[in-house]
Every structure is written in structure tokens, then in C-alpha cells.
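Structure first, then comments.
Quick note: the coordinates plus some simple rules give every number you see, no bench work behind them. The model shown is predicted, which means the values in this text are computed figures rather than measured ones. Neighbour counts are summed over all protein chains in view; Cβ atoms, including those assigned to glycine, are modelled from backbone coordinates with ideal geometry.
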Amino acid sequence: MDKIVLKSPLDMHLHLRDGEMLKRVGKYSFSQFSGGLVMPNIVPPVTSKKDLEAYRGRVLAEVGDEKFLPYMSLFFKSSYRKEFLKDLDILVVKLYPSGVTTNSDGGVVSVDIDEVGETLQAMQDLGIPLSIHGETLGDSFEREAEFIPTFELLAKNFPKLKVIMEHISDRRTVEILDKYPNLFATVTLHHLAKDRDDLLGGALNPHLFCKPILKTSKDREAIQELVFSGHEKVMFGSDSAPHQREKKESRNGSAGIFSAPILLEGLVTLFENFGKLELLQNFVSENAKKIYEISPPQKEIVLERVEKIVKEEYGGVVPLFANEKLNWSIL
Ligand code: DOR
Ligand code: ZN
């Protein structure tokens, strides 16, 4: 097989940024995907209807003539109530514990029922899913595992609320997915393809520094097993998070892996290497359509078996797989 067609691929976790960076990076997502869930952690974060609509407008201006539907998200605040949420055109509310990642300072200080319960009740009543960056501020490699009791608490207390565990990276998180019917997960390409030895086993590679941090090879294998089992509660979300090269190669380096330019070529290469190509369509589109009950624009992306060496920079940002070889290309 030398050609693959993906139908309406979706990136259900995407940082498009704003301003100059949006102009530089948006096109990579708009050309490859038929839609994507746009994260709200811009500066300032998206917390009002006015900011939401203004941001959607700036994104759509960059989409231009491409067929790409931006699904918007709102930055979680404990003050949100039904009257406010019911008028918004959003796919999710995204909860960040305060301080766990880029531009999350305005997030929730303690994720407990007293703090977030009323808002979650309103979301459950309105059928708005909760997207959540599940990490504590504990030991860097244990942060996601330490957050598991909170995932369980939320899933248990709000059984009709869809809870999306974003960019899961730890083998222990995989184990709770089937315990609650309302728990779902996104998985990134980088957590499938890389582990902490790629980040810091040899020379330190700041371009592989992200939150949640890359874990052990055992964790990576557990994430692979989950995705390559064809699990229907798991969907693709790249967490592509561009930062200028200078911000990454710095004594105060920003967290985020920029994968947008090579996502589908990277995914097809990886799925083929594992003999699981037949599962890719579900992972990049069908599962998300069912979980979120969405009908994205119809679009076909053709990939051909043509090798490519990934460029070292796209618009001043170093991508995932820089200088590495992929077996498939979008020509
Ligand atoms: O590494 C990350 N970077 N993880 C996130 O959750 C956010 C992202 C960003 O916005 O830079
Ligand atoms: Zn993210």
C-alpha cells in the first residue's frame, strides 16, 4: 500500500496561540485537519463570551479559505454558572490546576468539590464536557499519577459529565479509563513516540520538554497498548504547543512540543511501524466524533509512501522529529 486517505482528521487538543504566532503556525493545522479543539490558555485566557468570540474571529481570519472548523474552549473558572454557560458556543470547558503549565496561573487552586462543584453541576446539566489537565504540583514524574484520585472523584460525583483526561502519559492513568463510563482520554503523538530518555537520556533536548513530562519507556508502552487496542474512549489530541526557539533553548525553558507541521505524517509512520494502520481512522476522527457528538466538515487528506526528513524549524519553532526521517508525506 503506497497511499492512504484519512477522512476528516481531527486534532482534539491544539494550541493555536494568538497574534504573530497564530499567523505562523495555524496553517499547519488548518491544512491537515478538518477541525480541532482550540485551547484557551492564551494571554489573557479566554474566560468571557466577548473574548471567546473575538478569539474565534482571529482564528477564523487565519483559516481563510481552508476547510477547518475550530471548536472553541473556555478557561475554567469556579465562578461560572448555568446562565452564563448556556449562551456560549463551546465544545468544552478546560480546567487547569493553577501553575501546572504554560499560562495556567489563573487556574483552579484546589480541585475539590467545594471549589469546582457548582460549576461542574452546571456543565453536567447543560451537557458541556470537562477537559482537564490532570497534574498536581508534586514530583515532576509523579504529577499525573498524583492527580488520579481527583479524576476519580470528579467522574464519580458527576456521572453524567463527560470528563476528558488530556494528553495522558502515565501507565497508571490508563488503568482508570475503564472504571468510569464518563471518563475519556486524549493521547498525543509525542507521548506515543518518545519517552524521557529521548528528553534527557543523552544530551538534553529542550524541544522535547512538555507537560505532562515524557515518562518511562514502560509508560510509553502502556499508552501505545491502549491506543493500539483500538480503544473507543481514546482520541487523538496533539497538544501541539509552539514556543519560539529562543524560549525553548533557554535557562528558563518553556514547556511545549510543537508537532503541528508533521502530525499526520508522523502518525501514519508510527501506526504502520506497529502494524496498526487500520486503527488510525478511528483514532484521528471517528472516536472523537462519537465522544463529542460532532460532525466536522468533510475533508480527505492523502498521504503517500514518500520519505521525508523533517525540517529543523518551521516559522522559528523547532518541531517534533526535527531532522528525523518519516516514511510518509503529504505531497
Ligand atoms: O507542554 C505543554 N505546553 N503542556 C501544556 O499543557 C500546555 C502547553 C502550552 O500551552 O505551551
Ligand atoms: Zn495543551
Item to complete: Set the Förster radius R0 to 45 Å, insert the Cβ-Cβ distance between SER48 and LEU331 as r into 1/(1 + (r/R0)^6), and round the FRET efficiency to 0.05.
Response: 0.60
Response to the item:
PRE zone check, label point 7 Å out along Cα-to-Cβ of ASN252, amide N under 18 Å, scope region 101-135, hits 101-106
Fill in: Per-residue ³J(HN,Hα) for region 151-168, Karplus 6.51 cos²θ - 1.76 cosθ + 1.60, θ = phi - 60°, Hz, x for Gly and Pro
3, 5, 4, 5, 4, 6, 6, 10, x, 9, 8, 6, 10, 9, 7, 7, 5, 5
Worksheet item: Excluding the sites themselves, what is the longest stretch of the chain that contains no GluC sites (Glu not before Pro) in a DSSP loop with at most 15 other C-beta atoms within 10 Å?
Response: 1-141
Worksheet item: Residue by residue, what Karplus-based ³J(HN,Hα) values in Hz, rounded to whole numbers, does region 207-214 have, using 6.51, -1.76 and 1.60 with θ = phi - 60° and x for Gly and Pro?
Response: 6, 9, 8, 8, 10, x, 4, 4
Item to complete: Only loop residues by DSSP count here, and only those with at most 15 other Cβ atoms within 10 Å; note down the trypsin sites (Lys or Arg not before Pro) in region 256-322 that meet that.
Response: ARG305, LYS311
Discussion item. Tell me whether region 241-331 comes out rounded, prolate or oblate; compute the Cα gyration tensor, take square roots of the eigenvalues as a ≥ b ≥ c, and use a/c under 1.5 as the rounded threshold.
Written reply: oblate
Discussion item. I need the per residue convex hull volume for region 76-119, using only the alpha carbons, in cubic angstrom as a whole number.
Written reply: 77
Practice prompt. Determine the dipole magnitude for the chain: charges of +1 sit on the beta-carbon of Lys and Arg, -1 on that of Asp and Glu, nothing else is charged, the reference point is the Cα centre, and the result goes in debye to the nearest 20.
Written response: 480
Practice prompt. Could you calculate the FRET efficiency of ASP198 with ASP114 from 1/(1 + (r/R0)^6), where r is the beta carbon distance between them and R0 is 41 Å, rounded to 0.05?
Written response: 0.55
Discussion item. Among VAL25, GLY57, LEU85, whose Cα projects farthest towards the positive end of the dipole of the chain, with charges put on the beta-carbon of Lys, Arg (+1) and Asp, Glu (-1)?
Written reply: GLY57
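Suppose only helical runs count, i.e. DSSP H with n ≥ 4. What mean residue ellipticity at 222 nm does that imply for the chain under -39500 (n - 2.57) per run, divided by all residues and rounded to the nearest 500 deg cm²/dmol?
Result for the chain, helices only: -9000 deg cm²/dmol.
Quick one: in region 167-291, what % of C-alpha pairs are over 25 Å apart?
The calculated P(r) of region 167-291 puts 24 percent of pairs beyond 25 Å.
For the chain, what value does the Rg/Rh ratio take when both radii are computed over Cα atoms and Rh is the Kirkwood radius, given to two decimals?
Working: Rg = 18.5 Å, Rh = 19.8 Å.
Rounded to two decimals, Rg over Rh is 0.93.
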Worksheet entry | Cβ-Cβ FRET estimate between GLU312 and TYR180, R0 fixed at 45 Å, reported to 0.05 | 0.60
Response to the item:
Given backbone amide H placed at 1.01 Å from N, residues whose amide H is under 5 Å from that of LYS299, ignoring those fewer than 5 places away on the same chain, are SER8
Worksheet entry | Percent antiparallel among DSSP beta bridges (both partners in the chain, rounded to 5) | 25
Worksheet item: Can you give the Kirkwood hydrodynamic radius of region 1-112 from its Cα pairs, in Å with one decimal?
Response: 15.0
Item to complete: Name the long-range amide H neighbours of SER240: under 5 Å, sequence gap of 5 or more, or other chain; modelled H, no Pro or chain starts.
Response: HIS15, SER259
Response to the item:
The base-10 log of I(q)/I(0) that the Debye equation returns for region 194-233 at q = 0.19, 0.20, 0.34, 0.35 Å⁻¹, one scatterer per C-alpha, is -0.58, -0.63, -1.07, -1.10
